[in-house]
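Values in this text are rule-based calculations from the coordinates and carry no lab data. Everything quoted here is computed from the prediction, not taken from an experiment. Reconstructed Cβ throughout: ideal geometry from the backbone, glycine too, with neighbour counts over all protein chains shown.
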Amino acid sequence: MARRSKIFDSFAEAVADIPDGSSIAFGGFAYPGVPFNLIRALLDQGAKGLTCITNGTGGAAADRMPDIGMLVENGQVAKVIAAFTAPTRASDRIPLTKFVDEGKVVAELVPQGTLAERLRAAGAGIPAFFTPTAVGTELAAGRETRRFGGREYLLEYAMPVDVAFLRAWKADSSGNLLFRRSQRNFNPIMAMAAKLVIVEVEEDFVEPGAIDPDEVHTSGIFVQRMVKIPPPPEGLWPGRRPERVLKS
């Protein structure tokens, strides 16, 4: 019998059937909107050969949260597609750099706006588009360009993904999502681009209709699985209360 509820009891249950070789989009920008608990669960689940689509992989912070860099270090990642494939400061060192230098992981650098538009295009059913971003750079070498109105544009393809991991502030039991402030970032467009959307939710689930339709940022039609983030134990991840993470 098909499962009717979108609400899962645990993060482990929500990610249990993600297969090797999956392409996974991870919401978030720095800390806001990052699905830390789902990343932790995927680390424990162990799927390998993953393609990770993300703004950045993390790994440079001293008080490090579960991040994509940990998936890289755990040997689970084959490729990373990101707007930041290197640290923003030369003094920082992120796990991805070492694995790319050693030839263990492929990194594809995509300009941030292009990354967002490739995901949005996938959700909108647009197979490809032209953009002036990256024209004349190494990223455009050997790729198709065309001129429109006297300006050169680079062809970019939509980026559909198998799974999206998101983090929302509020949700109703039908999967309608509300993101808090900058938490929204990549999350709504990643939901549109993915076949399977899994969301960790900060507040208790409410009944359908309890969220004003004008405040719904992602419709429940895009969401298949949700897990409520329980309160953390005393002292867990001090100083990061808005980004609650459970130990495995």
Helical contribution to [θ] at 222 nm, DSSP H n ≥ 4, -39,500 (n - 2.57), averaged over the chain, rounded to 500: -5000 deg cm²/dmol
Karplus (6.51, -1.76, 1.60) ³J(HN,Hα), θ = phi - 60°, over region 118-135, in Hz, Gly and Pro reported as x: 5, 5, 4, 4, 4, x, 8, x, 9, x, 6, 7, 10, 9, x, 4, 6, 4
Amide H partners (placed H, <5 Å) of ARG180, local residues excluded: TRP169
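Given 20 °C and 1.002 mPa s, how large is the Stokes-Einstein diffusion coefficient of region 11-230 in µm²/s, with Rh as the Kirkwood radius over Cα pairs?
119
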Cα long-axis angle, helix 36-45 against the chain (0 to 90 degrees, to the nearest 10): 90
Area projected by the alpha carbon convex hull of region 141-237, averaged over all directions, nm²: 10.1
Protection proxy ranking, peptides 44-57, 208-221, average beta carbon neighbours within 10 Å, highest first: 44-57, 208-221
In region 139-183, trypsin sites (Lys or Arg not before Pro) in a DSSP loop with at most 11 other beta-carbon atoms within 10 Å: ARG143
Pairs beyond 27 Å (Cα-Cα), from LYS170/LYS195; LYS98/LYS228; LYS6/LYS48: LYS98/LYS228
Value of relative contact order over region 11-230, rounded to a whole percent, pairs C-alpha under 8 Å and six or more apart: 21
Value of relative contact order over region 104-209, rounded to a whole percent, pairs C-alpha under 8 Å and six or more apart: 29
Residues with amide H under 5 Å from that of ILE81, placed H, sequence gap 5 or more: CYS52, ILE53, THR54, GLU108
Overall Cα dimensions of region 1-125 - principal axes, largest extent first, Å: 53, 34, 27
